[in-house]
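Asks: Take this structure first; my questions come after.
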Amino acid sequence: MKKLLAMMLVTCMSLSVLAGCGAKTEEVAAETTEPATEEAVADEAETEEAVTEETAAADTAEKEYKIGVIQLVEHAALDAANQGFIDGLNEAGIKYTVDQQNAQGDQTACDTIASKLVNDGNDLILAIATPAAQAVAGKTTDIPILVTAVTDPETSGLVTSNEAPGGNVSGTSDLTPVKEQIALLTEILPEAKTVGILYCSAEDNSIFQADIAKAEIEAAGLAWEEFTVSSSNEIQSVVESAVSKVDVIYAPTDNMIAAGMTTVAMVANENKIPVICGEAGMVEAGGLATYGIDYYNLGKMTAQQAVKILKGEATTAETPIGYLTAEQCEFAGNDETAATLGIDLSAYAK
């Protein structure tokens, strides 16, 4: 009996020891699996965020963007804006491929090209001149579109407002200093009494500038008369009609007139009628003089917008229309034309 009691006592003591060991094991396990501190969680989150940002930056740096370009027609100003855009992209160091398309002044071609650039899934589209911009803007509300050489995007129906575009279209304006150009006209030609305003009636940009010019001409105490064309085939006959009625012709930055400027200059200069132009390329083609913007720099300004949008640093909706200031405008004169007309431009030489 005593032996039996002794064995039972030993068994109980053994079970107590084992139970105690189990409790300690559980306690150690509990200590080991204790939740991480807030500081540790924050450190882990920061590490993960840094890795994510680094990966995203690497992806952006390696990304090759697809850019489509639609240009209305070939002439010096639009060509310069196009080149400025490409040079601006190159200076930014981004990787890209570009699909250059020119409509050669054909609105039907504009629509066809616009559809192609949208269907090709470009990351961004540059539209040079208003008809080109209107064509592509009507094809997509998703792909970012930047315009340049568009005088007033708001009036052209491309944006909600020039200050806050609000959609997938933004860019830069080629609004010229019309007031200063008319002042230049009166300074070079103080005897002039009637100004012929020459432009294409189908271009919203030209109508916008012509209206400003009318007000400035009237403010200068001069009379004006409109001479409009609807196709390039009409340019020669319209200018021939104008030269017998005016003392000087004012031609704003109108794409059709700019493309046909050699014809305008040929008729006007033969009849000793000076042409004050909207931009320097028109002067090079035979116009007398201008005080205008630099389209190359306008293109580079547009490229700066494009880089920010492609990198996700900005959106078209919140990017205001960009402008070159009057201080960035320069005088340009054609010495050969001046000699033909017997006008001295030496006072304006740099």
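Any read-out appearing in this document is the output of simple, stated calculations on the displayed coordinates, not a laboratory observation. Only a predicted model underlies this, so the values are computations on that prediction, with no experimental measurement involved. Don't worry about glycine lacking a Cβ; one is built from the backbone with ideal geometry, like all the others, and counts go over all protein chains shown.
Asks: Is it true that some residue in the stretch 255-265 is assigned to a loop (DSSP other than H, G, I, E, B) and under 22 Å from residue 72 (Cα atoms)?
Replies: Scanning the stretch 255-265 turns up at least one residue that is assigned to a loop (DSSP other than H, G, I, E, B) and under 22 Å from residue 72 (Cα atoms).
Asks: For residue 161, are the conditions met, namely being in contact with a Ser or Thr (Cβ under 8 Å, 6 or more places away or on another chain) and of a type in the set (Ser, Thr, Tyr)?
Replies: no
Asks: Looking at the stretch 322-339, I want the residues that are in contact (Cβ under 8 Å) with a residue 24 or more places away in the chain and assigned to a helix (DSSP H, G or I) and have a partner that is charged (D, E, K, R) and surrounded by 12 or more Cβ atoms within 10 Å (Cβ to Cβ) with Cβ atoms under 9 Å, at least 6 apart or on another chain. Which pairs are those?
Replies: Partner pairs satisfying both residue conditions: 326/179; 326/180; 328/294.
Asks: For the stretch 152-188, which residues satisfy the criterion of being over 12 Å from the mean Cα position of the chain (by Cα) and of a type in the set (Val, Ile, Thr)?
Replies: Within the stretch 152-188, 155, 159, 160, 176, 178, 182, 186, 188 meet the criteria.
Asks: Is at least one residue of the stretch 60-71 within 23 Å of residue 297 (Cα to Cα) and part of a loop (DSSP other than H, G, I, E, B)?
Replies: no
Asks: Of the residues 253, 325, 263, which single one is hydroxyl-bearing (Ser, Thr, Tyr) and touching a helix residue (DSSP H, G or I) at 6+ places or on another chain (Cβ under 6 Å)?
Replies: None of the others qualify; the one that does is 263.
Asks: On to the next question. Would you confirm whether or not the stretch 104-125 contains a residue that is part of a loop (DSSP other than H, G, I, E, B) and under 21 Å from residue 292 (Cβ atoms)?
Replies: Within the stretch 104-125, not a single residue is part of a loop (DSSP other than H, G, I, E, B) and under 21 Å from residue 292 (Cβ atoms).
Asks: Please determine whether any residue of the stretch 188-196 is under 27 Å from residue 320 (Cβ atoms), surrounded by 17 or more Cβ atoms within 10 Å (Cβ to Cβ) and out of contact with any Gly (no Cβ under 9 Å at 6 or more places or on another chain).
Replies: No: the stretch 188-196 contains no residue that is under 27 Å from residue 320 (Cβ atoms), surrounded by 17 or more Cβ atoms within 10 Å (Cβ to Cβ) and out of contact with any Gly (no Cβ under 9 Å at 6 or more places or on another chain).
Asks: If you don't mind, another one. So residue 287 fits all but one of (1) surrounded by fewer than 24 Cβ atoms within 10 Å (Cβ to Cβ); (2) over 20 Å from the mean Cα position of the chain (by Cα); (3) assigned to a loop (DSSP other than H, G, I, E, B); (4) not charged (D, E, K, R); what number is the exception?
Replies: It is condition (1) that residue 287 fails.
Asks: For the stretch 293-306, does any single residue satisfy the condition of being in contact with a strand residue (DSSP E or B) (Cβ under 9 Å, 6 or more places away or on another chain) and outside any helix (DSSP H, G or I)?
Replies: yes
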